[in-house]
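The values are calculated or read from the model by the stated rules, or taken from the named source; none is laboratory data. Computed from a predicted model, the values in this text were never measured in an experiment. Surface areas here come from the heavy atoms of the whole protein model, side chains and all, with no ligands, DNA or RNA. Shrake-Rupley method; radii C 1.70, N 1.55, O 1.52, S 1.80 Å.
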Amino acid sequence: FFQAEDGIRDSSVTGVQTCALPIFQKLGLMGELQDASRAQNLLDQVKKSNSAINKAADRQAAFAQVLSVESPSRALADALNSKFPVKNIASIAKLAKSGGTDAVDGMKSALYDYAYTKAGGNSSTRNFSIQAYEDALFKPIAQNQPSLINIMRANGLMTLTEVKDIKRRSEEHTSELQ
């Protein structure tokens, strides 16, 4: 309970004054009120999570629209596996930038998806490896070629701070697994 302007309230049940609490307790409703409060908190968390998922989907859709392709991840994979990956990604990055921030963020998301898939994510065998993901991002994409991260940096798709953040998160995840 905490002191409020209009009386004392239960901190987990907003708007319920002290005089009502004994009645709720006698009727056995306090648990339900607290459960309702927990359920509301959970719903708020799910809404926030869905909002992030929807934003990511919207960004990928903006990128797909700029490219005029159905699968931006596939288009990027084709460009990265081509004879001239750096040139092709630079051309795609230029298109993404013409589509605005959402399209650029969609391209970044699709490149992360490419690395995730290359590391075993999205496979039916579930052989995802954080080390393989890190390699897909930070090791050269082919002999005499830069890394995916360096390509993204060179095209203004990623800041040095973002690179450091990815490395830090990867190291944290690796240390958690040990």
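Using 21 Å as the Cα-Cα cut-off, could you pick out the over-long pairs in LYS139/LYS167; LYS118/LYS167; LYS55/LYS139?
LYS55/LYS139
Long-range amide H contacts for SER147: which residues qualify at under 5 Å (H placed 1.01 Å from N, peptide plane, sequence gap of 5 or more or a different chain)?
Amide H neighbours of SER147, under 5 Å, 5+ apart: ILE141.
To the nearest 10 square angstrom, how much accessible area does LEU76 have with a 1.4 angstrom probe?
0 Å²
Using a 1.4 angstrom probe and counting only protein chains, how large is the accessible area of ASP102 in Å², to 10?
Probe radius 1.4 Å; accessible area of ASP102 about 80 Å².
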